[in-house]
Amino acid sequence: MSLPALSGAEATVRSMRLLHTSDWHIGRTFHGRDLLADQREVLSGLADLVAAEGIDVVLIAGDLYDRAVPSTEAVRVCTEVLGAIRAAGAQIVLISGNHDSAPRLAAFAEFAAAGGLHVRARIAGLDEPVLLTDEHGQVAIYGLPYLEPDIAREPLGTERGHAAVLGAAMDRVRADLAGRDARSVVLAHAFVTGGQGSESERKIAVGGVEDVPGSTFDGVDYVALGHLHGRQVLAEHLRYSGSPLAYSFSEINHHKSAFIVELDATGLAEVRTHELPVPRRLATLSGELDDLLADPAHDTLVDCYLSVVLTDRARPLDAMRKLQARFPYAAHVEWRPEGGLPQHQRYAQRVKNRTDTELTANFVTDCRNSPPTEAEQALLDEALREVAEVAK
């Protein structure tokens, strides 16, 4: 369904100013920890930015939610944030990403558009832009939802693969744009060649290939990309805003932000980076458990999400509980003994001519890099005797 251009004071503004965001992933957890409070804090601040910067349109380039069926709480946070952005005066254009349920997002799209929320989640109509007006004329904003190749290739009449379906979609966009006197913006959710991924993105490879060339998007003034969680500039007009929060420790060096995009009479005039607040920093620690728990130098990390590498020669028992007693937000722990784990023979050689007692003792040793204590060995021997009795 085509959306008419807005009219009146709401539609007529000075040169168009857009805020490029993506990958909100509302409802996501971080190593089992609920992030909804952090997401509400950061995303609610976008409304203040809209008011302060005179933003006309907020773009959300896919993965609004983290799950196809988001929780009630996630929907509530999302509704609050979108409502605050509209109340601050900006239109909203969003597309579905590979985490979203496109049919659910699209269910009331026509009704939502009347209130300034423009959802593009269907293959049909991807070449029908949201048309907005400033003093220089029209701006056509096209939303390309995440195009699953096996689903999109038939309606788009093309071959299987990300490059093929996105190429066909952009051909339709360029054909529509050729008949308009308008500047153009495209939202897309894809892995564009040259982008750098992180551990928190879901793979979208088809036949081992997931990227598409940047030239796929030639012919438009600005391309607001989503899917990759790190802020990236592939070309002046071709950018990933990245996710508003870190969703894995691989993002520890990311600077979370959004792009403020200005369009003048000729097209793209300026892009500025706006840094977003960080509710809780990420940090890493490495060392022996007792030292990490006692060293006052680590006091500054008490409020950080922590990824800890333990270098004790023997695997510490109950390490996470002990770490969280001092570092409440310790989220990940890994054991890498100094000098590495001992090299082992092939399994058949290791167990040859070994008794059950020796095998169980070796199992404990392999798991934690130290042999069982006398008390532990007694428990193992008792368990073996009971098994032998049952097996008679």
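The values are calculated or read from the model by the stated rules, or taken from the named source; none is laboratory data. Small disclaimer: the values here were computed from a predicted structure and weren't measured. Cβ coordinates were reconstructed from backbone atoms using ideal geometry, including for glycine residues, and neighbour counts include every protein chain displayed.
Which of the residues spanning the range 77-102 are under 19 Å from the mean Cα position of the chain (by Cα) and part of a helix (DSSP H, G or I)?
Answer for the range 77-102, where residues must be under 19 Å from the mean Cα position of the chain (by Cα) and part of a helix (DSSP H, G or I): VAL77, CYS78, VAL81, LEU82, ALA102.
Can you tell me which residue in the range 257-267 is nearest to SER200 (Cα to Cα), limited to those that are touching a residue at least 60 places away in the same chain (Cβ under 8 Å) and either acidic (Asp, Glu) or crowded, with 17+ Cβ neighbours inside 10 Å (or both)?
Filtering the range 257-267 for residues that are touching a residue at least 60 places away in the same chain (Cβ under 8 Å) and either acidic (Asp, Glu) or crowded, with 17+ Cβ neighbours inside 10 Å (or both), the one nearest to SER200 (Cα to Cα) comes out as ALA258.
Check LEU82, LEU117, LEU105, LEU59 and return the single one that is in the same structural domain as ILE26 (by TED's automatic domain parsing), surrounded by 14 or more Cβ atoms within 10 Å (Cβ to Cβ), touching a helix residue (DSSP H, G or I) at 6+ places or on another chain (Cβ under 7 Å) and among the hydrophobic types (A, V, I, L, M, F, W, C).
LEU117
Can you tell me which of ARG153, ARG183 is under 23 Å from SER22 (Cα atoms), charged (D, E, K, R) and assigned by TED's automatic domain parsing to the domain that holds THR216?
ARG183
Since ILE55 meets every condition but one in (1) outside any loop (DSSP other than H, G, I, E, B); (2) farther than 18 Å from PRO145 by Cβ; (3) of a type outside the set (Lys, Arg); (4) in contact (Cβ under 8 Å) with a residue 40 or more places away in the chain, which condition does it not meet?
(1)
Kindly indicate whether VAL186 is of a type in the set (Val, Ile, Thr) and out of contact with any His (no Cβ under 8 Å at 6 or more places or on another chain).
For VAL186, the condition - of a type in the set (Val, Ile, Thr) and out of contact with any His (no Cβ under 8 Å at 6 or more places or on another chain) - is met.
What tally of residues in the range 310-336 results from selecting those that are hydrophobic (A, V, I, L, M, F, W, C) and surrounded by 18 or more Cβ atoms within 10 Å (Cβ to Cβ)?
Looking only at that region, the number is 8.
From ALA168, ALA188, grab the single residue that is in contact with a Ser or Thr (Cβ under 9 Å, 6 or more places away or on another chain), surrounded by 15 or more Cβ atoms within 10 Å (Cβ to Cβ), in the same structural domain as PHE108 (by TED's automatic domain parsing) and within 29 Å of LEU245 (Cβ to Cβ).
ALA188
Is it true that GLN39 is under 19 Å from the mean Cα position of the chain (by Cα), surrounded by 23 or more Cβ atoms within 10 Å (Cβ to Cβ) and not hydroxyl-bearing (Ser, Thr, Tyr)?
The answer is yes for GLN39.
Would you mind telling me which numbered condition in (1) over 22 Å from GLY242 (Cβ atoms); (2) in a helix (DSSP H, G or I) ALA74 fails?
It is condition (1) that ALA74 fails.
So which of VAL278, VAL308 ends up being aliphatic (A, V, I, L, M) and under 23 Å from THR365 (Cα atoms)?
VAL308
Looking for something surrounded by fewer than 23 Cβ atoms within 10 Å (Cβ to Cβ) and aliphatic (A, V, I, L, M) - is there at least one such residue anywhere in the range 157-164?
yes
Output the residues belonging to the range 298-319 that are in contact with an Asp or Glu (Cβ under 8 Å, 6 or more places away or on another chain) and among the hydrophobic types (A, V, I, L, M, F, W, C).
Hits for the range 298-319 are VAL308, VAL309, LEU310.
Of the residues that make up the range 205-212, is at least one of a type outside the set (A, V, I, L, M) and either within 22 Å of LEU49 (Cβ to Cβ) or not in a loop (DSSP other than H, G, I, E, B) (or both)?
yes
Which pairs turn up if I take residues in the range 302-331 that are in a loop (DSSP other than H, G, I, E, B) and look for partners that are among the polar types (S, T, N, Q) with beta carbon separation below 7 Å, at least 6 apart in sequence or on another chain?
Pairs that qualify, where the first residue is in a loop (DSSP other than H, G, I, E, B) and the partner is among the polar types (S, T, N, Q), are THR311/SER286; ARG313/ASN369; ALA314/ASN369; ALA314/SER370; ARG315/ASN369.
So how many residues does the range 26-42 have that are out of contact with any strand residue (DSSP E or B) (no Cβ under 7 Å at 6 or more places or on another chain) and either more than 21 Å from VAL271 (Cβ to Cβ) or of a type in the set (Lys, Arg) (or both)?
9
Identify all residues within the range 295-328 that are charged (D, E, K, R) and within 21 Å of ASP34 (Cβ to Cβ); write none if there are none.
Of everything in the range 295-328, those that are charged (D, E, K, R) and within 21 Å of ASP34 (Cβ to Cβ) turn out to be ASP303, ARG321.
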